[in-house]
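Trainee: Sending over a structure as structure tokens; questions will come in a sec.
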Amino acid sequence: MSYSLYLCRFVGGEPAPMDETAIRDVLAALEGLEAEDGGTVDVDGDAHGLTFHHPSPGRVLVLDLDLDLVAELARRTGAVVVPDGRPAILTTEADRRHLPDNLRAEAIVVPPPALTGQAIALAVAPQPEPRRRPALPRFPYHPDPVATGSVAASDEPCVCCGQERGWVYTGPVYAADAPDTAICPYCIASGTAAERYDASFTDTVEGDVPRDVVMAVLTRTPGFTAWQSPYWLTHCGDGAAFLGPAGTKELAAYPDAVDHLRRQCATWTWPPDQVEAFLGALDKDGAPTAYLFRCRVCETYLAYADFT
Ligand SMILES: [Zn+2]
Ligand SMILES: [Zn+2]
């Protein structure tokens, strides 16, 4: 891969001279380097701007060494590294205002200690285009399964439909013969996965709700991972919408959910100080964890908690 890099110090949008001693030192070091094929790095320019150009491919070792020298030069002179076709690399945010207009918005800042040849190589490397992923099916009882961690971006094909849908379900599957690999959220939404594997994605639906609600929650809604067998909260005769695992910090914005939890703890016949200690120790990622829901009818927030 041939590439070129431009090194320049900018003041008020215009090139300004770099320290000549630093340039001489680095160019002298560059001269001593020669690739196995005899090729060298071309350097053009002067103290107002230097272009480093690698004409031939397959010279990774020399390329790394060269980039270390380029990094050294940028650190010593306060110059900006401008890789061909990539955002400019500044060593301090304060220099952004000195960049020409066309470089200013996209420039990235790499502080001097971190500005190594490898850091430049990473900035120069072509970035893979992020894959556009299709919209997820609508899950009335689990409105954002990516945010809750139950669905993840993946290029793995779905075990059920065989298609690469860009998303896979990462929560529990309750089935006598559960598949070893991932199911896509589309096969959950359509009920195909539940039917094929005689599976449900949640263990229990709490409370008294119509059977079609129970079936929708158990078999056509992504479940969630909990410390114990998860159960789905209901309110106002309907399944509630699952909003995700939550700790004390996340629950602070939902006092009605905390009250709901407090009432749940009361049924465990814990003394009040133990209940409050428990409510203060909830952790989104470590036990005990609360699971936050919102009633789809009255919009009350609800939660239950479990632990290992
Ligand atoms: Zn599928
Ligand atoms: Zn309600």
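Trainee: So, residue 18, is that one at pLDDT 90 or above and in a loop (DSSP other than H, G, I, E, B) or not?
Mentor: Values: at pLDDT 90 or above: yes; in a loop (DSSP other than H, G, I, E, B): yes.
Taking the combined requirement at face value, the residue satisfies it.
Trainee: Looking at this structure, is residue 292 more than 16 Å from ligand 1 (Cβ to nearest atom), at pLDDT 95 or above and hydrophobic (A, V, I, L, M, F, W, C)?
Mentor: Working: more than 16 Å from ligand 1 (Cβ to nearest atom): yes; at pLDDT 95 or above: yes; hydrophobic (A, V, I, L, M, F, W, C): yes.
Against the criterion (more than 16 Å from ligand 1 (Cβ to nearest atom), at pLDDT 95 or above and hydrophobic (A, V, I, L, M, F, W, C)), residue 292 qualifies.
Trainee: Something else: Which helices (runs of 4 or more DSSP H) sit wholly inside the stretch 220-308 and have at least 3 residues that are surrounded by fewer than 22 Cβ atoms within 10 Å (Cβ to Cβ) and within 16 Å of ligand 2 (Cβ to nearest atom)? Outline the logic, then answer.
Mentor: Working: elements: 248-251, 255-266, 272-280.
Per the criteria, 255-266.
Trainee: Now, a different point. Consider residue 213 carefully, then state whether it is without any contact (Cβ under 8 Å) to a residue 24 or more places away in the chain, open to solvent by less than 80 Å² (accessible area, probe 1.4 Å) and either in contact with a Cys (Cβ under 6 Å, 6 or more places away or on another chain) or in the same structural domain as residue 170 (by TED's automatic domain parsing) (or both).
Mentor: no
Trainee: Exactly one condition in (1) surrounded by 13 or more Cβ atoms within 10 Å (Cβ to Cβ); (2) modelled with pLDDT of 85 or more is false for residue 118; which is it?
Mentor: That leaves (2) as the condition not met.
Trainee: Across the stretch 129-159, what is the number of residues that are of a type outside the set (A, V, I, L, M, F, W, C) and closer than 19 Å to residue 219 by Cα?
Mentor: Initial filter on the stretch 129-159 (of a type outside the set (A, V, I, L, M, F, W, C)): 129-134, 137-138, 140-145, 148-150, 154-157.
Applying the additional criterion that residues be closer than 19 Å to residue 219 by Cα yields 137-138, 140-145, 148-150.
The total comes to 11.
The values are calculated or read from the model by the stated rules, or taken from the named source; none is laboratory data. This is a predicted model, so every value here is computed, not measured. Note: ideal-geometry Cβ built from the backbone for every residue, glycine included; neighbour counts use all protein chains shown. Heavy atoms of the whole protein, side chains included, go into the accessibility calculation; ligands, DNA and RNA do not. Shrake-Rupley method; radii C 1.70, N 1.55, O 1.52, S 1.80 Å.
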